[in-house]
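Report on the structure given below.
The values are calculated or read from the model by the stated rules, or taken from the named source; none is laboratory data. Quick caveat: nothing in here was measured; it's all calculated off a predicted structure. Note that we place each Cβ from the backbone using ideal geometry, even for glycine, and neighbour counts take in every protein chain shown.
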Amino acid sequence: MSLERRPAECWLTDMDGVLVHEGNALPGAADFLARLQEQGRRFLVLTNNSIFTPRDLAARLARSGLAVPEESIWTSALATADFLSGQLPGGSAYVIGEAGLTTALYEAGYTLTDTDPDYVVLGETRTYSFEAITRAIRLVGLGARFIATNPDVTGPSPEGPLPATGSVAAMITKATGAEPYFVGKPNPMMFRSAMNRISAHSESTVMIGDRMDTDVVAGIEAGLDTILVLTGSTRASDVSRFPFRPGRVLDSIADVVDLV
């Protein structure tokens, strides 16, 4: 029996591959965001990127011609800070990451330290330090719990793929035997924390993404309606290979505007 859904009141959308590609706005993205605001819909733009703060990302989107308030951006760094503040309020963490992650944890009331931390928290950075990774391995070995912002193994650069959080996490796991808890997509935890932020309910929230293996599966597991757009990683011919299906498959975000 299919779930009877209420009309969409809240919208979650991935950023890269849905709204932008390599720093350029995709066709229909500006119209979609404008329609959300015209209709008074609550929404968040989601990204697994933990490098940048919401303010940084809002500025980057603005340079591509997309107006998104910083309070309407939800990153894996924010989701990680939200998760940890619920698990152990006022805890401490040794952090490998950049401003997006360190700022989120600091604002959540966490102490950042390399001395007897409660957690080792691994995020994305453009320059992974062997010294920092070694310190993380030793702290996990001494009993610090291991958290990572997202499982992505590579990230893009103009020269080609770069090792990302998932790859470095695998190195730490190999050295310690400790598996990290990944907070970002495809963990539906990221969507649930985003929904709490905007007081959304699963039966009236839609998730838009460009990847079956992260956006769509996490949306389904969080109980959301899902839309796959074909402007990013997943092609139409890939969809049938997965054992689950999005609610809709559309060519681009331009096709979503009239659904808002």
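So, of the residues in the stretch 37-64 that are surrounded by fewer than 16 Cβ atoms within 10 Å (Cβ to Cβ) and polar (S, T, N, Q), which turns out to be nearest to SER76 (Cα to Cα)? By that ranking, first place goes to GLN37.
Among the residues of the stretch 104-151, write down those that are in contact (Cβ under 8 Å) with a residue 24 or more places away in the chain, part of a loop (DSSP other than H, G, I, E, B) and among the hydroxyl-bearing types (Ser, Thr, Tyr). Of everything in the stretch 104-151, those that are in contact (Cβ under 8 Å) with a residue 24 or more places away in the chain, part of a loop (DSSP other than H, G, I, E, B) and among the hydroxyl-bearing types (Ser, Thr, Tyr) turn out to be TYR110, THR125, TYR128, SER129, THR149. Give the residues of the stretch 220-260 that are in a helix (DSSP H, G or I), among the small types (Gly, Ala, Ser) and either farther than 16 Å from LEU19 by Cβ or outside the structural domain of ASP16 (by TED's automatic domain parsing) (or both), sorted by residue number. ALA236, SER237, SER240 - these are the residues of the stretch 220-260 that are in a helix (DSSP H, G or I), among the small types (Gly, Ala, Ser) and either farther than 16 Å from LEU19 by Cβ or outside the structural domain of ASP16 (by TED's automatic domain parsing) (or both).
Look at the stretch 240-260: where a residue is without any contact (Cβ under 8 Å) to a residue 24 or more places away in the chain and of a type in the set (Val, Ile, Thr) and a partner is part of a helix (DSSP H, G or I) and surrounded by 14 or more Cβ atoms within 10 Å (Cβ to Cβ), sitting 6+ places away or on another chain with Cβ atoms under 8 Å, you get VAL249/VAL239. Those residues that are assigned to a helix (DSSP H, G or I) and free of Cβ contacts under 8 Å to residues at least 24 places away in the same chain, I need them from the stretch 38-68; list them, please. Within the stretch 38-68, GLU38, ARG55, ALA58, ALA59, ALA62 qualify. When PRO161, PRO186, PRO246, PRO151 are screened for being surrounded by 15 or more Cβ atoms within 10 Å (Cβ to Cβ) and over 16 Å from the mean Cα position of the chain (by Cα), only PRO246 passes. Checking LEU12, LEU19, LEU3 one by one, the residue that is under 19 Å from the mean Cα position of the chain (by Cα), under 21 Å from SER202 (Cβ atoms) and either modelled with pLDDT under 95 or not small (Gly, Ala, Ser) (or both) is LEU12 and no other.
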